[in-house]
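Data block below; observations after.
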Amino acid sequence: MVRTQIYLTRREHEFLQAEARRQNGSLAGVLRAMVEERMRVPEEAWDNNPLLAPPADPSFTGPEDSVLNLDHYLYGGPKKWIKRGGQWVEAPPLPADYHTNPRSTEAYDQMVRGMDESQGAA
């Protein structure tokens, strides 16, 4: 156990005291039970969860780096990872004027495209 102190409003403190009396326990025990309850993932979170459903089109295959470069594919940002020698490595650092100078942006993106072996698969 880790001992800690917290600040509560009078209303919060009175609520916890009332719960402790009602449960015939301590204020700390009530607070720990509330934290434990919030930490548990309810079973229904696993049922009918669209994020866990199979894809609508099972034949769809996206780019192999879609997880690594999600922001690139969703928002058009620069790639953060490129494939070199069969391994995923961090892309070179962005130039300081990447977001303000279109020529710099295009030059950097072209350089990364030339370095990235996965481009042919995208």
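Here, each number is a calculation from the coordinates, and none is a lab measurement. As the structure is a prediction and not an experimental result, all values here were calculated from the model. No Cβ is skipped: glycine too gets one built from the backbone with ideal geometry, and neighbour counts run over all protein chains shown.
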Fill in: Loop sites in region 1-80: chymotrypsin sites (Phe, Trp or Tyr not before Pro), DSSP, at most 16 other Cβ within 10 Å
Tyr7, Trp46, Phe60
Item to complete: Principal axes first, then extents: for the Cα atoms of region 11-83, list largest minus smallest coordinate on each axis, whole Å, largest first.
Response: 60, 29, 20
Item to complete: Check each of the GluC sites (Glu not before Pro) in region 17-112 and keep only those in coil by DSSP with at most 16 other C-beta atoms within 10 angstrom; list them in order.
Response: Glu64
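Can you tell me, using C-alpha contacts under 8 Å and at least 6 residues apart, the relative contact order of region 70-121 as a whole percent?
Numbers: 44 pairs, mean separation 17.2, N = 52.
Result for region 70-121 is 33 percent.
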Worksheet, complete the sentence: If one compares the long axis through the Cα atoms of helix 10-23 with the longest principal axis of the Cα atoms of the chain, the angle in degrees, nearest 10, works out at 70
Worksheet item: What do you get when you divide the Cα radius of gyration of the chain by 2.2 N^0.38 Å, with N the number of residues?
Response: 1.88
Worksheet item: What do you get when you divide the Cα radius of gyration of region 1-53 by 2.2 N^0.38 Å, with N the number of residues?
Response: 1.59
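Going by how many other beta carbons lie within 10 Å of each one, how would you line up Met1, Met115, fewest first? Walk me through the numbers before you get to the answer.
Values: Met1 5, Met115 15.
By the 10 Å Cβ count, ascending: Met1, Met115.
Considering Cα pairs under 8 angstrom that are at least six residues apart, work out the relative contact order of region 1-83 and quote it in whole percent.
Values: 24 pairs, mean separation 9.6, N = 83.
Value for region 1-83: 12 percent.
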Fill in: As computed over region 45-117, the Cα convex hull volume per residue (Å³)
142
Discussion item. Over the Cα atoms of region 76-122, each weighted equally, I'd like the Debye log10 I(q)/I(0) at q = 0.23, 0.27 Å⁻¹, rounded to two decimals.
Written reply: -0.80, -1.02
Item to complete: Quickly estimate the mean residue ellipticity at 222 nm for the chain, helices only: each DSSP H run with n ≥ 4 gives -39500 (n - 2.57), and the total goes over all residues, rounded to 500.
Response: -12000 deg cm²/dmol
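Assign unit charges at the C-beta atoms only (+1 for Lys and Arg, -1 for Asp and Glu), then state the dipole size of the chain relative to its Cα centre in Debye, rounded to the nearest 20.
On the way: 14 positive and 18 negative charges, 142 e Å.
It comes to approximately 680 debye.
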